[in-house]
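Here, each number is a calculation from the coordinates, and none is a lab measurement. Just so it is clear, the structure is predicted and the values come from calculations on it, not from any experiment. Cβ coordinates were reconstructed from backbone atoms using ideal geometry, including for glycine residues, and neighbour counts include every protein chain displayed.
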Amino acid sequence: MTSFFKTYLLPGLVFQSVIIGGGYGTGREIAEFFLSHGALGGLLGFAATALTWAVLLAVGFEFARVTKGYDYKTFFTALLGPFWRLFEVVYLLIALLVLSVLGSAAGQMIADASGLPTVVGALALLVTIGVLAFFGGGAIARVMAWWSVLLFALYGLFFIWVTASYGDAIAGALQAGSVEGAWHLDGLRYAAYNMVAFAAVLFVLPGLQTRREALVSGALAGAISVIPGVLVFIAMLARYPGIEQEAVPVVFLLGVVNVVWLSVLFQVVLFGTFVETGVGIIHAINERVATAIKASGRRFPQWARFALAVTFLAAAIFLAEAVGIIDLIAGGYGVLSYAFIAVVIAPLLTLGLFRIATANKKEMEEHRVSRQQ
């Protein structure tokens, strides 16, 4: 990978890879947080999300650089001190929730395509994530980066195909310009719960050497990550209202378009996005455990990465089968988004900025002294 790619694009692509499965790969989350506010209200909500991500990721990347916090324990110990375990509790809860949503969506998608029981798709997702988690950070970063490039291309094709076929319906929805409810609040809440992906992107940040690199990379990550969601949102307007009631709106829309090769290709790539999100979340947990074991003088074996992944995912799949995707998203994401605001966003924009400013003064003083010498 080139230096420019690793510095400015890779963090955003990894962040986008982790959020997409639980954030907008299925369309269910878009229906819940954006489509419920109307066509124009949903776009305004996405603007609020993009701005929130750009600010938080820029600050977060710089905080990681100055504290060398490249796993979530180190990062949040520096940010929250003895209260860092509050983040771990919230992270594990939302990780379990997101993985449950992925398991439910994968099971539903494969069941609709093949007629097999939903648990088959969920188990296929479990095994794939576990195998990729086994190979560790280097392999995960490469897979996420290049799968994201493929995903952007396919989402662009999907967007063009739907708008070409149903452009009048989409234009009509946009021209109506409906804005309903607190779009700004849902844009913020959506950005907040998806910050679960921040912990999963820390492992690719050691390459950031300067403040400028951290800030630009973080701001770009916010823009990169929101683009596929906006494309899916606009495509969903082809069947608005009504599509927001579907369990997996993207799969429903593919059925409406009725292009077999596009539907098959999109669902293969969509399954891959579920894997990306799941392995990003699991990898962050594996890195946390590996750091703790290393501190005790032992080594975290590769097989344990697979075992931890399978155990965590099995619990998530049980939750998915018991509750279902619509209730999981409606009931869980909203509550945990407020927890992320309290535990991650508020401290990062207060204590984090203070720590960054203090580190900047120290760096400037060290630079002045070195020049005098």
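Note on His37, His283, His184: ascending count of other Cβ atoms within 10 Å places them as His184, His37, His283, the fewest first. Entry note, region 8-100: relative contact order of 13 percent, from Cα contacts under 8 Å with a spacing of 6+ residues.
Spatially, region 59-116 and region 263-278 are offset by 19 Å when compared through their Cα centroids.
With contacts taken as Cα pairs under 8 Å and at least 6 residues apart, region 191-292 reaches a relative contact order of 39 percent. So, in nm, how far is label Ala307 from label Ala176 when the simple model puts each one 7 Å beyond its Cα toward the Cβ? The modelled label-to-label distance comes out at 5.5 nm. Between the listed residues Pro82, Ile30, Trp146, the Cα displaced farthest toward the positive end of the dipole of the chain, a dipole computed from Cβ unit charges relative to the Cα centre, is found at Pro82. Each residue in Ser100, Ser165 was given a count of other beta-carbon atoms within 10 angstrom of its own, and listing them fewest first yields Ser165, Ser100.
Have a look at Ser17, Val179, Val55 and report the one farthest towards the positive end of the charge dipole of the chain, computed about the Cα centre with Cβ charges (Lys/Arg +1, Asp/Glu -1). Checked the options; the winner is Val55. Multiplying the residue separation of Ala111 and Phe354 by 0.36 nm and removing their Cα-Cα distance gives an extension gain of 82.4 nm. Neighbours of Ala238, meaning other residues whose beta-carbon lies under 15 angstrom from its beta-carbon, give a summed charge of -2 when Lys and Arg score +1 and Asp and Glu score -1. With contacts taken as Cα pairs under 8 Å at a separation of at least 6 residues, the chain carries a relative contact order of 40 percent. Simple point charges give the picture: +1 on the Cβ of Lys and Arg, -1 on the Cβ of Asp and Glu, and for the chain a dipole about the Cα centre of about 1600 debye. Its alpha carbons give region 165-273 an Rg and a Dmax of 17.7, 49 Å. Derived from the Cα gyration tensor, the three semi-axes of the equivalent ellipsoid of the chain are 34, 24, 19 Å, largest first. Look at Thr210, Thr26, Thr52 and count the other Cβ atoms within 10 Å of each Cβ; fewest to most, that gives Thr210, Thr52, Thr26.
Only helices reaching 18 angstrom along their own axis (Cα) with mean Kyte-Doolittle hydropathy no lower than -1.0 count here, and for the DSSP H runs of the chain these are 10-23, 39-67, 84-114, 118-135, 137-176, 211-236, 260-295, 302-323. Ranking Leu237, Ala309, Val204 by Cα position along the charge dipole of region 3-360, where only Lys, Arg, Asp and Glu carry charges on their C-beta atoms, puts Val204 farthest toward the positive end.
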